[in-house]
Amino acid sequence: MPYLNVMTHIEDREDDELLYDLDGREHPSFFFLDAEGEVLARHDADDVSVKAFEETGARVKRSLELRKKADAGDAAAKIDLAIVQGELGVLEFSDVEAAIEGATLAPEQEHAVGALRADATVSDLTLVLKKNRDDAAMKMVAEEFLALHGKGTHPARLANRRFYWTVLAGQSIQRKDAKMLRDAIEALRAVAGPEPADRDAQKLKELEEIVKGLEAPK
Amino acid sequence: MRTVFLLSMLAAAARADTLEDNLAEKLKKPFATNVSWVLRLEDAKKLASEKGKVIFAYFSRSYAP
């Protein structure tokens, strides 16, 4: 069922910001939804090859199969479904945690849940900073992000990735940590996309200069 | 003051007209006309439910290129 949503910025227009509600940002963006409007899968709009759509189709099918099994009482499917729905933004992290409580997770499930936990942390800290951006708050946020980075768990959602890696880039420069700065640059380049806005391109260029300075032999 | 208010109202109305024009132009593009798109989410949900299908949602914009 092909549905076209055009964001217009016309005041009070129905579903004009639906993309943001689905945690999307870029134009164009492609989503597969069920008949309730719930996200089944996202498709990377940079790749419109048949193969890419077949892979997304497989993810849609998996979402639907997991739902069917979970509804039938399959405990393993319930965990996988909760993780997938957390990744798609259909479930809050607290609901994912409730769904997986007491279960033994496979390594890839642990990794996926780690990313979800990181997203929830970054989202919560973003809200904290909206109320108060004094030095103490910024320091606390930086420390939390460094702790996440130390565990190797990073947020997956686009909005969170930008903030998280921007803070870590700043920390890398302060600490003269070339490796972390390289990680941050790579991550921010991915966030900016294949055609970065001028502001993002300029920022990436500045960070590249800084990291070259840090990497230069002493 | 009243003049400033009236000018800002006119500017807002002009902008609203531009946004409507932008939408109309966008909907004339080949990607919009070559497919029988459903333009309201509620209609898409109803049809998807009736036909047992999933919804392919294409998000675009008209307020900027």
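The values are calculated or read from the model by the stated rules, or taken from the named source; none is laboratory data. Model, not experiment: these values are computed from the prediction. In this analysis, Cβ positions are derived from the backbone assuming ideal geometry, glycine residues included, and neighbour counts consider all displayed protein chains. These accessible areas exclude ligands, DNA and RNA; they are computed on the full protein's heavy atoms, side chains included. Shrake-Rupley method; radii C 1.70, N 1.55, O 1.52, S 1.80 Å.
All but one of (1) part of a helix (DSSP H, G or I); (2) modelled with pLDDT under 95; (3) open to solvent by less than 40 Å² (accessible area, probe 1.4 Å) hold for B:A64; state the number of the condition that does not hold. With respect to (1) part of a helix (DSSP H, G or I); (2) modelled with pLDDT under 95; (3) open to solvent by less than 40 Å² (accessible area, probe 1.4 Å), B:A64 is out only on (1). Residue pairs whose Cβ atoms lie under 7 Å apart, separated by 6 or more positions or on different chains, with the first residue in segment A:161-181 and touching a residue at least 12 places away in the same chain (Cβ under 8 Å) and the second in a helix (DSSP H, G or I) and polar (S, T, N, Q), are A:F163/A:T126; A:M180/A:S172; A:L181/A:S172.
Annotation: of all residues in segment B:1-58 being open to solvent by 50 Å² or more (accessible area, probe 1.4 Å) and among the β-branched types (V, I, T), the one that is nearest to the other protein chains (Cβ to nearest Cβ) is B:V35.
For segment A:119-129, does any single residue satisfy the condition of being open to solvent by 50 Å² or more (accessible area, probe 1.4 Å), modelled with pLDDT under 90, away from chain B (no Cβ under 14 Å) and over 17 Å from the mean Cα position of the chain (by Cα)? Yes, segment A:119-129 contains at least one residue that is open to solvent by 50 Å² or more (accessible area, probe 1.4 Å), modelled with pLDDT under 90, away from chain B (no Cβ under 14 Å) and over 17 Å from the mean Cα position of the chain (by Cα).
The conditions of being of a type in the set (K, R) and not in a helix (DSSP H, G or I) are met by A:K218. Identify, from the list A:V167, A:V191, the residue that is under 30 Å from A:Q85 (Cα atoms), under 14 Å from the mean Cα position of the chain (by Cα), in a helix (DSSP H, G or I) and among the β-branched types (V, I, T). When all the criteria are applied, what remains is A:V191.
Inspection of segment A:61-72 finds a residue satisfying the criterion of being among the aliphatic types (A, V, I, L, M) and either under 27 Å from A:A192 (Cβ atoms) or in contact with a helix residue (DSSP H, G or I) (Cβ under 9 Å, 6 or more places away or on another chain) (or both). Being open to solvent by less than 30 Å² (accessible area, probe 1.4 Å), of a type in the set (D, E) and within 7 Å of chain B (Cβ to nearest Cβ) is the filter here, so list the residues in segment A:5-38 that pass it. Once the filter is applied, which keeps residues that are open to solvent by less than 30 Å² (accessible area, probe 1.4 Å), of a type in the set (D, E) and within 7 Å of chain B (Cβ to nearest Cβ), segment A:5-38 yields only A:D34. With respect to the conditions (1) in contact with a helix residue (DSSP H, G or I) (Cβ under 6 Å, 6 or more places away or on another chain); (2) assigned to a helix (DSSP H, G or I); (3) open to solvent by 30 Å² or more (accessible area, probe 1.4 Å), A:A156 falls short on a single one, namely (2). More than 7 Å from chain B (Cβ to nearest Cβ), surrounded by fewer than 17 Cβ atoms within 10 Å (Cβ to Cβ) and in contact (Cβ under 8 Å) with a residue 12 or more places away in the chain: is that true of A:R42 in this structure? No, not satisfied.
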